[in-house]
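Enquirer: Questions regarding the structure given below will be posed in turn.
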Amino acid sequence: MTLSEDLQYRGLINQMSAEGLVERMDSAHLSLYVGFDPTADSLHLGNLLGLIMLRRFQRAGHRPIMVAGGGTGMIGDPSGRSTERTLLDDETLTKNTAAIRLQLERFIDFSGEAAGVLVDNREWLQDLNLIDYLREYGKHFSVATMLAKDSVKARLGSEGISYTEFSYMVLQAIDFLELSRRLDCTLQLGGSDQWGNITAGIDLIRRVDQREAFGLTWPLITKADGTKFGKSVGGAIWLDPRRTSPYQLYQFLVRSDDVMVMSYLKQFTFLDQEEIAELDQSHREHPERRDPHHRLASELVTLVHGQEEAERAKRASRSLFVGELELLEPDLLEEALGEAPTLNVDAVEFEEGIDLIELISRSPLFVSRSELRRTLGQGGVYLNGVAQRESITVTKDLLIDGRLLVLRRGKKDYCLVRCGAQ
C-alpha cells in the first residue's frame with residue numbers, strides 16, 4: 001500500500017493543494033514540516049496527530065521537519081479561535097519552547113537518510129524589522145485575499161481581530177519560505193483550520209522564488225458531540241505526565257465514544273488494516289469488552305510515555321473495572337481513585353482506633369446508617385478489598401503505605417480515605 005493510499009484509508013486527507021502531490025508522496029523523497037507553537041509548556045493530545053503524520057511520512061522515506069514556533073508563538077494563531085489570545089512574555093515563551101522541544105524530540109527518528117530536523121522559527125523571525133517585513137513580504141499579500149480566509153472571516157463575524165493576529169498568516173508563510181530555502185522543504189502539513197495559512201505560504205514561495213510547494217491538511221478530529229478530540233471537562237489532555245498522568249490519558253482514551261473509536265484507531269495508531277478489521281469485528285460481537293478502546297489507549301500511552309507506563313495504566317484500568325484496585329501500588333491507587341470521593345481523617349483517630357461504621361458513615365457511600373448496616377451484614381462493604389460482615393475497629397495497622405484506606409460499596413462505588421490530611 002502506498003503512503004497516499006494509507007492516508008486515504010485512515011481518513012487523514014482533507015485537502016491537497018495539487019493533484020501532483022500524490023505522485024510525489026508515493027515516489028519522491030520530500031522534506032515536509034509541521035509547526036507547533038509554544039502556547040503552553042507542554043503539547044496536548046490535539047498536537048499528537050501532527051507528530052504521527054510526520055512519523056508516517058518518515059516511515060515512507062520522507063524527511064520530517066518540526067518547527068517549534070518560538071517566533072510565531074509571540075503573536076498567536078487566530079485559526080480555530082473566537083477570541084484574541086493573551087500575548088505571552090519572552091521569558092514564558094522561552095521556557096515553553098524549551099519544554100516542547102524536549103517532547104518533539106521523542107517522536108521522530110533523527111538518524112538515517114530521512115533523519116528528522118527540529119528548528120525554532122525565532123531564528124529567522126526575531127531579527128526581522130518592520131521595513132523589511134513590509135517591503136520583502138507584505139507587498140506579496142492581498143488584503144482582500146487575507147480577509148477571505150476562513151480563520152479571519154470567522155473572527156470578523158464575531159468580536160473582530162487585531163492587526164497582530166491578522167499578520168500571523170504572513171509570518172507562517174515566511175516560515176514556509178525560509179524552510180524551502182534552508183532545507184528544501186516543499187510540503188507543509190496541518191489541520192484543516194490551517195489551510196489558509198498553508199496556501200499563503202505556497203503562494204509566497206511561488207511569487208518570491210518561483211518554486212513549487214504543496215500543502216496537505218487532515219480533517220478536524222472531534223468527538224461524537226462535535227467538540228475537539230483531546231479536550232475533557234477539566235481542559236486539554238496534555239502529553240506531559242506531570243499535567244496529565246499516563247493513567248489519566250489511558251482513561252480518557254478508553255472512554256472514547258463507540259461511534260468514533262474505530263476512526264481514532266485508524267488515525268492515531270500504526271495498526272494495519274487487518275488488525276483494525278479484527279478489532280472492529282470484536283467490538284461488533286462483544287461491545288461490552290471495549291477491545292478497540294483498550295487497544296487505542298494502550299497504543300497511544302505507549303507512544304507518548306513508553307511501554308512500562310502503558311502496562312501500569314492498563315493494569316489500573318482493569319483493576320478499576322473488576323473492583324480490585326486495592327492490589328495496586330499506593331501512587332497508582334491514588335491516581336485510579338482520582339475521581340472518587342475522598343475522606344480526610346486525622347492520624348490521632350487511627351492511633352486510638354475508629355469504628356468502621358462510624359468511618360463509613362462520614363463518606364458519601366451511604367445515605368443512612370440503617371442502609372450501611374444492612375449492606376454490611378450482606379457482605380457488600382469492603383475495607384481494602386476485603387469484605388466485611390460486621391463492624392471492626394480500624395487502626396493505623398490497616399493503612400496502606402501508612403496513609404491510605406479504601407472503602408468500597410459493591411463492585412464500583414469507592415471512597416479513598418487519607419490519614420493525617422487534617
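All of the numbers you see were taken from the coordinates with simple rules; none came from a lab. These numbers were taken from a predicted model, which means no experiment stands behind them. Methodologically, a virtual Cβ is constructed for each residue, glycine included, from the backbone with ideal geometry; neighbour enumeration extends over all protein chains shown.
Enquirer: Based on the mean of other beta carbon atoms within 10 Å per residue, what is the order of 62-75, 37-50, most packed first?
Expert: For the peptides 62-75, 37-50, the packing ranking is 62-75, 37-50.
Enquirer: Taking the beta-carbon count within 10 Å as an exposure proxy, list 203, 401 from fewest neighbours to most.
Expert: 401, 203
Enquirer: How high is the relative contact order of the chain? Use alpha-carbon pairs under 8 Å, at least six apart in sequence, and give a whole percent. Display every interim value, and only then the final one.
Expert: On the way: 641 pairs, mean separation 58.7, N = 422.
RCO, the chain: 14 percent.
Enquirer: With Cβ to Cβ distances under 14 Å as the rule, what net charge do the other residues near residue 367 carry (K, R +1; D, E -1)? Please report the intermediate quantities before stating the final value.
Expert: On the way: positive: 362, 369, 373, 374, 409; negative: 371, 413.
Residues close to residue 367 contribute a combined charge of +3.
Enquirer: Only counting other Cβ atoms within 10 Å, I'd like 179, 128 sorted with the fewest neighbours first.
Expert: Final ranking by Cβ density, sparse to dense: 128, 179.
Enquirer: Moving on. For every other residue with a beta carbon closer than 15 angstrom to the beta carbon of residue 63, add +1 if it is Lys or Arg and -1 if Asp or Glu, then tell me the sum.
Expert: +2
Enquirer: For residue 143 and residue 395, compute 0.36 nm times the residue count separating them, minus their Cα-Cα distance, and round to one decimal in nm. List each step's numbers first, then the result.
Expert: Values: separation 252, 0.36 × 252 = 90.72 nm, distance 7.39 nm.
Extra length from residue 143 to residue 395 when fully extended: 83.3 nm.
Enquirer: Which of the residue pairs 223/314; 314/412; 95/139; 228/314; 266/412; 149/266 have a Cα-Cα distance greater than 26 Å in the structure shown?
Expert: Pairs exceeding 26 Å: 95/139; 266/412; 149/266.
Enquirer: Report the label-to-label distance for residue 98 and residue 211 in nanometres (one decimal), using points 7 Å from each Cα along the Cα→Cβ vector.
Expert: Result for the modelled spin labels: 3.3 nm.
Enquirer: In deg cm²/dmol, rounded to 500, what helix-only [θ] at 222 nm does the chain give when every DSSP H run of at least 4 residues adds -39500 (n - 2.57) and the total is split over its residues?
Expert: Numbers: 19 runs with 185 residues, N = 422.
It lands at -12500 deg cm²/dmol.
Enquirer: Here is a follow-up. Among DSSP beta bridges whose residues both lie in the chain, state the antiparallel percentage, nearest 5.
Expert: The answer is about 50 percent antiparallel.
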